[in-house]
Amino acid sequence: MKKLFLGAMLFLSFGAWAQKKTKVDPVTAQINANKETAINALNSAYDADKKTALQIWDYAEVGYKEVKSAALHIQHLSDAGFAVETGVAGIPTAFVATYGTGSPVIGILAEYDALPGINQSASAERDPIVGKNAGHACGHHLFGTASVSAGIAIKELIAAGKLKGTIKVYGTPAEEGGSGKVFLVREGLFNNLDAVIHWHPDDVNAITTTSALANKSAKFKFYGISAHAAAAPDQGRSALDAVEAMDNMVNMMREHIPQETRIHYVITNGGKAPNVIPDFAEVYYYVRHPKRKEVVDIFDRVVKAAEGAALGTGTTMKYDIIGGTHDLLINKTLAETMQANLEKVGGVHYTEAEIAFAKKLQPTMVAPVDLATATVIKPLSYINEGNSGSTDVGDVSYAKPTVGLRAATWVPGTAAHSWQAVASGGTEIGTKGMLVASKTMALTAIDLMSNPELIKKATEEFTKSIGDYKYKALLGDIKPALNYRD
Ligand SMILES: [Zn+2]
């Protein structure tokens with residue numbers, strides 16, 4: 001009898017507890033329901049998204065030449081009911097797609113440019129595609145597709161009256177060196193936003209919590225005098241000599257610049273024939289450092305080296321700025337929100353065939369990593385691992401509170417800008433990671449559009465980080481270098 005009574009008591013109190021536990025406030029219930037709807041919508045869109053991503057992987061269009069890739073995204077967004085403004089900021093392949101009215105206004109960034117010089121089939125063995133000059137070695141075919149899809153999932157919720165506000169998808173070309181977003185920032189296209197969401201393909205699932213290197217790049221052009229290299233060398237002035245003299249000076253300069261600096265160059269034109277003294281030569285330089293002030297100072301010293309090289313070789317020099325990007329401002333408030341959503345979404349699980357593909361690919365890597373990395377979510381950490389590149393998202397992060405994630409679209413251990421990245425990106429290993437990204441971005445947008453306190457807190461943090469700095473594009477007032485990949 002006593003036992004029965006106790007049992008009944010326990011049962012009753014459990015019932016009350018369970019009821020209490022499941023009874024959430026209406027706002028949270030709506031957020032949860034919206035998240036559920038978005039996840040289902042993105043799962044349903046997966047097959048179509050996979051097709052889009054692989055189509056853009058196949059196009060592999062380089063910076064500012066992403067005509068077909070941008071057109072595909074624009075088509076999907078306008079079919080979904082977005083108002084799309086194309087050719088923004090003087091860039092034919094840039095666009096802003098808008099749906100909804102009023103605040104909050106949330107932006108999602110999309111990229112779609114490929115890298116020149118790297119191409120590979122979707123094979124785990126080195127297999128360049130003959131006649132193809134570029135490849136998606138940074139996964140931007142997945143980047144754009146996930147962002148467009150996340151934007152459409154949010155649009156559906158607004159259309160159904162479940163969310164209030166405006167969603168904008170930004171088509172941002174030429175991330176790889178062209179600094180596309182900087183021109184959109186300079187144009188003020190982010191001014192009316194409350195927050196910006198982005199992501200990047202990677203071999204881990206993590207929130208972007210460390211900064212990127214500020215970067216300034218230029219093409220240095222030297223003009224000399226042609227002459228027969230054997231019969232009349234005294235009558236020539238070699239533009240290639242000037243490039244080599246400049247490179248030597250910059251290489252010696254490395255000893256006298258701060259440790260964290262990165263300087264790299266490629267000779268984009270070194271003459272055409274050894275028996276003709278080149279009257280034209282060109283070298284393309286990047287200068288990077290965690291602090292933009294250092295980048296500006298070191299870049300000016302590189303210009304001095306170019307001037308000195310021209311003087312000593314009897315040539316003339318002019319340079320064109322190609323790109324310039326800020327470091328990346330991290331917003332911890334938004335990072336925490338996105339982390340919770342990434343944990344809810346979870347990482348990717350490989351099939352037997354994908355495990356076999358990964359195991360075949362890994363021995364070609366310098367530092368392969370445990371395959372389980374693609375499944376787990378990295379805990380939030382602000383420790384800089386010191387292996388960052390540069391991104392034009394940096395300039396966006398100086399315009400509005402910005403948050404991003406990295407999703408495992410590449411076999412663990414894959415380096416960005418490698419043929420292995422092109423290979424994974426052309427398979428379902430890539431598109432699975434893309435789905436992690438689109439879901440996490442959509443869920444984060446839902447939180448931002450449902451919680452004014454969150455935006456307030458993120459904005460306060462942003463304002464504090466900016467301090468009294470007045471944004472000025474590192475690339476100055478130049479026009480987009482639409483032909484920098486020619
Ligand atoms: Zn990239």
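Since every read-out is calculated from the coordinates, none of them should be taken as a lab result. Treat the numbers as computed from the prediction; the structure is a model and nothing was measured. Reconstructed Cβ throughout: ideal geometry from the backbone, glycine too, with neighbour counts over all protein chains shown.
For a distance above 25 Å, tell me the whole-number percent of Cα pairs in the range 214-325 that qualify.
Percent of Cα pairs beyond 25 Å in the range 214-325: 24.
Using 1/(1 + (r/R0)^6) with R0 = 35 angstrom and r between the beta carbons of Glu244 and Lys332, what's the FRET efficiency to the nearest 0.05?
With R0 = 35 Å, the Cβ-Cβ based efficiency is 0.15.
If packing is taken as the average number of other Cβ atoms within 10 Å across a peptide's residues, how do 456-468, 435-447 rank, most packed first?
Put in order of decreasing packing, that is 435-447, 456-468.
Specify which residue in the list His228, Phe183, Leu454 is farthest towards the positive end of the charge dipole of the chain, using unit charges on the beta carbon of Lys, Arg (+1) and Asp, Glu (-1), about the Cα centre.
Selected residue: Leu454.
Got a sec? Which residues in the range 149-163 would a label at Val24 touch, if it sits 7 Å along Cα→Cβ and we count backbone N under 19 Å?
Counting only backbone N, you get 154, 157-158, 161-163.
In the range 404-425, whose amide N lies under 12 Å from the spot 7 Å out along Cα-to-Cβ of Thr351? List them in ranges.
none
First select every other residue whose beta carbon is under 12 angstrom from the beta carbon of Asp49; then total the charges, Lys and Arg +1, Asp and Glu -1.
+2
What is the list of residues in the range 453-482 whose amide nitrogen lies under 12 Å from a point 7 angstrom out from the Cα of Ala340, following Cα to Cβ?
Residues 453-455 qualify, since their backbone N sits under 12 Å from the label point.
Cβ under 13 Å from Ile154's Cβ, Ile154 left aside: what net charge do those residues give with Lys, Arg +1 and Asp, Glu -1?
Local charge sum for Ile154: +4.
If I model a spin label as a point 7 Å beyond the Cα along the Cα-Cβ vector, how far apart are those points for Glu125 and Ala367 in nm?
Each label point lies 7 Å from its Cα, and together they span 2.9 nm.
All other residues with a Cβ under 14 Å from the Cβ of Met249 taken together, and with Lys, Arg as +1 and Asp, Glu as -1, what is their net charge?
Around Met249, the charge tally is -3.
Please give the FRET efficiency for Ala230 paired with Lys272, using the beta carbon to beta carbon distance and R0 = 25 Å, rounded to the nearest 0.05.
That gives a FRET efficiency of 0.95.
In the chain, with Lys and Arg counted as +1 and Asp and Glu as -1 at Cβ, which of these residues, His136, Leu54, Val27, has the Cα nearest the positive end of the dipole, that is, farthest along it?
After comparing all options, I get Val27.
Compute the relative contact order of the chain as a whole-number percentage, counting only Cα pairs closer than 8 Å that sit 6 or more residues apart in sequence.
23 percent
Given only helices, namely DSSP H runs of n ≥ 4 each adding -39500 (n - 2.57), what is the per-residue ellipticity at 222 nm of the chain, to the nearest 500 deg cm²/dmol?
Value at 222 nm, helices only: -14000 deg cm²/dmol.
Let me check I have the definition right: for the chain, take the eigenvalues of the Cα gyration tensor, multiply each by 5, take square roots. What are those semi-axes in whole Å, largest first?
In descending order the semi-axes read 47, 24, 21 Å.
Arrange the peptides 228-234, 43-49 so that the one whose residues have, on average, the most other Cβ atoms within 10 Å appears first.
Top of the packing list down: 43-49, 228-234.
Extent of the range 302-380 along each principal axis, from alpha carbon coordinates, in Å, largest to smallest?
Here the Cα extents, ordered largest to smallest, are 63, 40, 17 Å.
For labels at Glu460 and Tyr223 in the simple 7 Å Cα→Cβ model, what's the distance in nm?
5.8 nm
Once the cut-off is 11 Å, how many percent of the Cα-Cα pairs in the range 345-386 end up in the long-distance tail?
For the range 345-386, the share of Cα pairs beyond 11 Å comes to 73 percent.
Highest mean first, how do 354-363, 73-82, 108-117 rank when packing is the count of other Cβ atoms within 10 Å averaged over residues?
108-117, 73-82, 354-363
Output the relative contact order of the range 214-325, whole-number percent, from Cα pairs under 8 angstrom with separation of 6+ residues.
Worked out over the range 214-325, it gives 46 percent.
As a footprinting exposure proxy, order Lys221, Lys272 by other Cβ within 10 Å, with the fewest listed first.
Going from sparsest to densest Cβ surroundings: Lys272, Lys221.
Please compute the length gained on full extension between Val67 and Thr101, using 0.36 nm multiplied by the number of residues separating them and subtracting their Cα-Cα distance.
Result: 9.3 nm gained on full extension.
Quick check for me: using +1 on Lys/Arg Cβ and -1 on Asp/Glu Cβ, what's the dipole size of the chain about its Cα centre, in debye to the nearest 20?
About 1400 debye.
By counting other Cβ atoms within 10 Å of each Cβ, how are Ser147, Ser211 ranked from fewest to most?
Least crowded to most crowded, the residues run Ser211, Ser147.
Expressed as a whole number of Å, what is the distance separating the alpha-carbon centroids of the range 420-448 and the range 288-305?
35 Å
How many nm is it between the label spots at Asn191 and Thr375, if each spot is 7 Å from the Cα in line with the beta carbon?
5.1 nm
Would you mind working out the magnitude of the charge dipole of the range 214-325 relative to its Cα centre, with +1 at each Lys and Arg C-beta and -1 at each Asp and Glu C-beta, to the nearest 20 Debye?
Result for the range 214-325 is approximately 440 debye, rounded to the nearest 20.
Just to confirm the filter: which chymotrypsin sites (Phe, Trp or Tyr not before Pro) across the range 365-452 are DSSP coil and have at most 13 other Cβ within 10 angstrom of their Cβ?
Tyr382
Looking at Gly63, Ile298, Thr325, which one has the Cα that reaches farthest to the positive end of the dipole of the chain (charges on Cβ: Lys, Arg +1; Asp, Glu -1)?
Thr325
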